[in-house]
Every structure is written in structure tokens, then in C-alpha cells.
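**Student:** Mind looking over this structure? Questions follow.
The values are calculated or read from the model by the stated rules, or taken from the named source; none is laboratory data. Everything quoted here is computed from the prediction, not taken from an experiment. When we count neighbours, we look across all protein chains shown, and the Cβ atoms used for this are built from the backbone with ideal geometry, even at glycine.
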Amino acid sequence: MAALFLNRCSALLLVLLLTGCEALLFYPQRQLLRDPAAVGLAYREVSIPVADSALHGWWLPAQEPRATLLFAHGNAENISTHLASVYWLPSEGINVLLVDYRGYGRSPGRPSLDNAVADLQASWHWLLAQGDAAPLPLLGFGQSLGASLMGVAVAREREALAGRLKGLVLDAGFADYASIAREQAAKAPLTWLLQLPVAWAMPKGYDLIDALPQLPRAPLLIVHGRQDTVVGVQHAQRLFERAAQPKQLYLYDGGHIGSFHDRLSRQRLLDFIADSLAD
């Protein structure tokens, strides 16, 4: 009886994975749990046009800005819960634009890989069109799924960002969707046998490792926690090997996207930004 139950569960899970793998990548949350004012930050709401609606975002201005950074969060929740990764940057002279993908927070629509990449492309175009931000150097920063989305978006906007993008930070990114799906399936007995079907069913054409050679020439910082149990550190090593110079690899003692909660990691990012802006 137990074996029959497990077989039926596995069959059902296989059907779900093969027909909706892309949907399993996104875990949006509509409610915003706080805003930047809750941590003492000045900010303004922004609306960024996309094909069928407009994205909601926050603009965090620095008093004496030296660069502007576009932040791409991971696959869960929304900008209100990922604010902790970047709220400290305006005090260091970095404007920050946080944007929710379609289906997250106050951004209407449905999340998908194609939509999310297009959302970041639209965000880059919005920044390029801003009179107050246009003269400043631009930086990109993506975390987890956001690292993959950011890499693909920047590669697709290579011509528009050439000469303007001065640095790209990819934190806790995974090399490709097939590998991360196979690794996650291997963690549970119920899905262990589904590693190959799940990997085969993942979307094609959005892998970060394939986007790296297409990036505009700019300094790249790959960040990863040695104890990351969500995305193994081997992904960072694969990405670093594939990336072109100039590049840096920063491995810290910590878990998934725990990087910029400590002073040393923040200083490493600030050093990278300073060096990138000096080039």
C-alpha cells in the first residue's frame, strides 16, 4: 500500500514538473511588509512601463551619488523583504532602484522567465532615460534567481549598456536551470528518480553560464556562500571559470544570500564598486 502511494505521488509530481517547471521557479508575495521609510530611508515610488502594464519599484536616492545600481531580487516574496540587501548603499553614495517582477508586490501580471527578463530590460531602459541618473555610471546586482535574470537581461541589452555599465555583481547565482533542478530533485527520496526528467523539462535559453560570454565588457564580481545549501558553491566556481576578465570571485562563510548582512562582505562590495568606477 505504501509503495502504491509513493508511486502515485511520484507520477503526479512528474506530471506537475514536466508541465509546469517554469511556474515552480516563482514564489511571489503580493503584500509589501514594509517600505524604505521604515528603516529611515528617503525614497519614491516608481512605475516602469512594460508590454501589458507597469512595474512597481522603489528609488532610493543617495545624497551625493557616484553611481546608480539596479537590484534584481530572488524568486520569493518581493522588494520589501529583500530591502536588507541594499538599504545601506545610499549612505555610501549609490542610488538604488529596486523593482518587482510582474506578479510580485504591486506589479500586476504573471511571473515567467520571459517576463522577468523583459522586466529587467525595461528597468535598464528606464534608468538610461532618466535625466538625473543618466550621467552616472550604472551597476547591476542580482541575487539567486535574480542573478540569472540579471545576467540574461544585461546580455540582451549589451549594446545599450556598452560603456555605461561599470560593474556587475552576481550573488548566489546558479549556472544553469537543468543543474539546479537536478540537484534539488536529488535531495528528497520522493523525487530522487526524477532528476533527469526534471532537468530535461527546465526552460531553455535563459542559463546564466551561457549569458556570461555575451555581457558587455565591465568588471564582474561573483559572490557565494561556502555553506549555501540552496545553490551549491560549485555553481559560483563554474560561472567564474566561464566569465571573461575582468572578474573576481568572493566566497564567504555563510548560507544563501547572506552575503551583505555583515560588515566584511559589504566592504568587499564597496571596494569592488570603487575599483570599477576608477577604471
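Each row is one residue, and each column tells you yes or no for (1) under 27 Å from Ser276 (Cα atoms); (2) modelled with pLDDT under 75; (3) in contact with a Leu (Cβ under 9 Å, 6 or more places away or on another chain).
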position: Gln195; (1), (2), (3): no, yes, no
position: Met202; (1), (2), (3): no, yes, yes
position: Gly205; (1), (2), (3): no, no, yes
position: Ile209; (1), (2), (3): yes, no, yes
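**Student:** Can I ask one more? Do you know which of the residues in region 106-118 that are part of a loop (DSSP other than H, G, I, E, B) and under 16 Å from the mean Cα position of the chain (by Cα) is surrounded by the fewest Cβ atoms within 10 Å (Cβ to Cβ)?
**Tutor:** Ser112
**Student:** On to the next question. What pairs can you find where one residue is in region 108-126 and at positive phi, the other is surrounded by fewer than 23 Cβ atoms within 10 Å (Cβ to Cβ) and part of a helix (DSSP H, G or I), and their Cβ atoms are less than 7 Å apart, with a gap of 6+ or different chains?
**Tutor:** Gly109/Asn115
**Student:** Got a sec? Which of Glu241, Glu183 is modelled with pLDDT of 90 or more, more than 17 Å from the chain's Cα centre (by Cα) and of a type in the set (Asp, Glu)?
**Tutor:** Glu241
**Student:** Hey, another quick one. Could you check region 76-92 and list, in sequence order, the residues that are more than 17 Å from Val169 (Cα to Cα) and part of a loop (DSSP other than H, G, I, E, B)?
**Tutor:** Matches in region 76-92: Asn78 only.
**Student:** So, in region 43-89, of the ones that are in contact (Cβ under 8 Å) with a residue 60 or more places away in the chain, farther than 23 Å from Ala147 by Cβ and of a type outside the set (A, V, I, L, M), which residue ends up surrounded by the fewest Cβ atoms within 10 Å (Cβ to Cβ)?
**Tutor:** Initial filter on region 43-89 (in contact (Cβ under 8 Å) with a residue 60 or more places away in the chain): 46, 48-51, 55, 57, 65-75, 82, 84-86, 88.
Within this subset, residues satisfying the condition of being farther than 23 Å from Ala147 by Cβ are 49, 51, 65-66.
This time we only want the ones that are of a type outside the set (A, V, I, L, M), so: 49, 65-66.
Details: Pro49: 11, Pro65: 19, Arg66: 14.
The residue in question is Pro49.
**Student:** If you don't mind, another one. Condition test on Glu64, is it among the charged types (D, E, K, R) and in a strand (DSSP E or B)?
**Tutor:** Answer is no for this residue.
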